[in-house]
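The values are calculated or read from the model by the stated rules, or taken from the named source; none is laboratory data. Not measured: the values here are computed from a predicted model. Heads up, the Cβs are rebuilt from the backbone with ideal geometry, glycines too, and the neighbour counts pull from every protein chain shown. Note: areas computed on protein heavy atoms with side chains; ligands, DNA, RNA excluded. Shrake-Rupley method; radii C 1.70, N 1.55, O 1.52, S 1.80 Å.
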Amino acid sequence: MSAIRANEPREQWRTSSWRTRPAEQQPNWPDAEDLKDAEATLAGLPPLVIASEARRLTSALAQVSRGEAFVLQAGDCAESFREFSADCIRDKLKVILQMAVTLTYAAGVPVVKVGRIAGQFAKPRTSPVERIDAVELEAFRGHMVNDEAFDPVARRPDASRLVAAYHQAAATLNLLRAFTKGGFADLSLVHRWNQQFVASSNQGRRYEQIAGEIDRALRFMAACGIDLAAEESLHETDFWTGHEALILEYEEALTRQDSLTGDWVDTSAHFLWIGERTRQLGGAHVEFCSGVINPIGVKLGPSTTPDEVLALCAVLDPERTPGRLTLITRIGTGRVADVLPPLIETVRDAGHPVVWVCDPMHGNTFTSENGRKTRRFGDIVEELREWFGVHRAMGSWPGGVHVELTGDDVTECLGGAEAIGEDDLGQRYTTMCDPRLNARQSLDLAFDVAELLRS
Ligand code: PEP
Ligand code: CO
C-alpha cells in the first residue's frame, strides 16, 4: 500500500480533492462528455438522505462501539437494474428484519440494520478484463457502470447508468422507508416476515416459535396496562442504507453541504464503505471518505497490517468519534486468530472507538468444480466463531456482521440445513457477482450468531 504518513499536513479537503489521488478500480469511461453530463445531472437532483440521518446513524453505531448494540449489514453483492420489483425489495427486507428480530430476541441486544441496498451498484474486480476463449472484454463492474452480458457493447462503460442508478436507489429507498415506517415492520407482524419457503423449514419453525413468544410478550405488556399503540418503537424501525463508495464521480456529485453546520454529507446513502481493493492510504477513496460526515466502513483482508489500520484510523477518524469508523474484517476461515488480535490491540492502544464487524463471506469464496463461484455455509459460520472467540478473549465487543444475502430461494452457497451440494448450484444461481445466502441460510446464520453473542 502506498504511504503518506497520517500526521503529515494534508491539503484541504474538497468534494473533488480525491481527483488528485490515484484511484483504483475505476472504469475507463469512453466518453468524457457523457460523464460530465451525468455528473451535472446528478448534482442537480435532490439528496437521497440528509445530514441529520447520517448523524443519527453515527449515534446508533456509537452505541455499538460501546458494546450496547449490534449491527447487521446485509443485502446483495451487487444490486441489479433488472431485479427491482416491489416483491424483490420486500423479500430482502423481510429476511433482514427476521434476522434482526432473531438476534434481538435471542441475544437481548438492539440491532442496527444497514442494508447493502439502494446504491450497491458498483463492483471492484480482481481482473480489469474478462477473457473467454480468444475474446477479451472489460470486466463487468456493476450496473452503475456496464452490463454483465459478455458482449462488447454491453461491457462498454456508460455514464448514463450513474443517473439510472440514482433513480433506482431513490425508488428503492422510498419503498424501504414506506415499509419500515408505515406498518410493515410492526412487531405484531413478525409472522408475516416468514416467507412460505422459509416457514416450512426447521429454521422457519424455530423462527415461528420466537414470533409466538413475541406475541405473548406483547399481550402480556398490554395486559399490564402498557399502551402499546403509543410505543413508537414497537411499530416502526430505522432501516439504513449503505454501499461501497467506489465510483467517486457518483459520490462527489451527490455530496452536499449541510446549510446548518457547513458539514459535507454524501447524500447517496447513510453508510459508505471503502473496499479491500481501494483502501490505499494515499488513494482517492480514502481521501474522499475522510471529508464527509457519514459513518464510514473499511474492509480489511487477511494481509492487513496493524500500521495500515492505524494510519486509516488517523485519517478517517482523527477526532476519535464513536460510531464514525467501522472496521469490517474479511479474513477467511482459519486465519482470524493470527490476523485479528494485533489489529484490535493496535486500534485500542491508539484510542479509536471503532465498531468491529465481521464479513465472513469475502474471505471464503472459491470456485467449485463445475465452475461456479461459491461459499460454504460451514466456513462462514466458522469464521464467525473464530472472530467472536478472538473478541471474547481480548475483551473487545464483537459489534456486528456483514453478509451477502437475498430474500429469494437461490442455490448459490453450499451447505446449510438444506445441504445444498455442488450439483445443486446450477438450479437457481442468479447472482451477478458473489454467491449469496438464501433466506433460509440467512435465518440459520442469525440463530448461530445469536448463540455466539449470548455465549
Ligand atoms: C463486497 O463487499 O462485495 C466486496 C467486494 O468486498 P471486499 O472489498 O471486502 O472484497
Ligand atoms: Co461481494
Exercise for review: Could you list the square roots of 5 times each eigenvalue of the Cα gyration tensor of segment 297-428, that is, the equivalent ellipsoid semi-axes, sorted largest first and rounded to whole Å?
Suggested key: 32, 14, 13
Check your understanding: Within the chain, what percent of beta bridges assigned by DSSP are antiparallel, to the nearest 5?
Key -> 25 percent
Exercise for review: Can you tell me the dipole magnitude for segment 108-258 around its Cα centre, using point charges on the Cβ only (Lys, Arg +1; Asp, Glu -1), in Debye to the nearest 20?
Suggested key: 360 debye
Check your understanding: Residue by residue through segment 58-69, which ³J(HN,Hα) values in whole Hz follow from phi under the Karplus form 6.51 cos²θ - 1.76 cosθ + 1.60 (θ = phi - 60°), with glycine and proline marked x?
Key -> 4, 5, 5, 6, 4, 4, 5, 4, 8, x, 9, 7
Check your understanding: Can you give the accessible area of K92, probe radius 1.4 Å, in Å² rounded to 10?
Key -> 10 Å²
Exercise for review: Could you calculate the contour length gain from A170 to R66, that is, 0.36 nm times the residue separation minus the distance between their Cα atoms, to one decimal place in nm?
Suggested key: 34.2 nm
Check your understanding: Each label point is 7 Å from the Cα along the Cα-to-Cβ direction; what then is the distance between the points at R320 and A32, in nm?
Key -> 4.6 nm
Review point. So what does V403 come to for accessible area, using a 1.4 Å probe and Å² rounded to 10?
Key: 0 Å²
Exercise for review: For segment 25-119, list log₁₀ I(q)/I(0) at each q in 0.22 Å⁻¹, using the Debye formula over Cα point scatterers of equal strength and ignoring solvent, two decimals each.
Suggested key: -1.19
Review point. What does the helix-only formula give at 222 nm for the chain: each DSSP H stretch with n ≥ 4 adding -39500 (n - 2.57), the total divided by the residues, and the result rounded to the nearest 500 deg cm²/dmol?
Key: -12000 deg cm²/dmol
Study note, to complete from the structure: Any aspartates and glutamates whose Cα falls less than 12 Å from that of K113, other than same-chain ones fewer than 8 residues away, would be D238
Review point. If amide H atoms are built 1.01 Å from N in the plane of the peptide, which residues on other chains or at least 5 residues away come under 5 Å of the amide H of L300?
Key: I328, T329, R330
Check your understanding: In whole percent, how big is the carbon plus sulfur part of the accessible area of segment 132-189, probe 1.4 Å, protein atoms only?
Key -> 59 percent
Point to revise | Cα pair distances exceeding 17 angstrom across segment 348-404, given as percent | key: 47 percent
Practice item. Determine the relative contact order of the chain: mean sequence separation of Cα pairs under 8 Å and six or more apart, normalised by residue count, in whole percent. Key: 22 percent
Check your understanding: By the gyration tensor of its Cα atoms, with a ≥ b ≥ c the square roots of the eigenvalues, what is the shape of the chain: rounded for a/c under 1.5, prolate for a/b over b/c, or oblate?
Key -> rounded
Exercise for review: Please list, in chain and number order, the residues 5+ apart from V71 or on another chain whose amide H is under 5 Å from its amide H, with Hs placed from the backbone.
Suggested key: V112, G400, V401
Review point. For the chain, what is the charge dipole size about the Cα centre, in debye to the nearest 20, if Lys and Arg each add +1 at the Cβ and Asp and Glu each add -1 at the Cβ?
Key: 760 debye
Point to revise | Estimated FRET transfer efficiency (A40, D238; beta-carbon r; R0 30 Å; 0.05) | key: 0.40
Revision key, fill the gap. Computed over segment 112-169, the relative contact order (Cα-Cα under 8 Å, seq sep at least six) in percent reads 29 percent
Check your understanding: For the chain, can you list the cysteines whose C-beta has no other cysteine C-beta under 4.7 Å from it?
Key -> C88, C224, C289, C313, C358, C413
Study note, to complete from the structure: On the accessible surface of segment 356-439, probed at 1.4 Å with all protein chains in place, carbon and sulfur together account for a percent value of 45 percent
Study note, to complete from the structure: For the D307, R14 Cβ pair and Förster radius 41 Å, calculated FRET efficiency rounded to 0.05 is 0.90
Study note, to complete from the structure: Between V355 and residues 5 or more places away or on another chain, the pairs with built amide H atoms under 5 Å apart involve G323, L325, T326, L327
Practice item. At 1.4 Å probe size, with every protein chain present, just tell me what the per residue accessible area of the chain comes to in Å². Key: 39 Å²
Point to revise | Those lysines that a straight Cα-Cα span of less than 17 Å connects to K373, excepting residues fewer than 8 apart in one chain | key: K123
Practice item. Averaging sequence separations of C-alpha pairs under 8 Å and six or more residues apart, then dividing by the length of segment 169-313, give the relative contact order as a whole percent. Key: 18 percent
Check your understanding: segment 82-136 to segment 414-452: how many Å between their Cα centroids?
Key -> 13 Å
Check your understanding: FRET efficiency for F197 and N370, Cβ-Cβ distance as r, R0 = 25 Å, nearest 0.05?
Key -> 0.55
Check your understanding: What is the Cα centroid distance between segment 332-354 and segment 52-67, reported in whole angstrom?
Key -> 21 Å
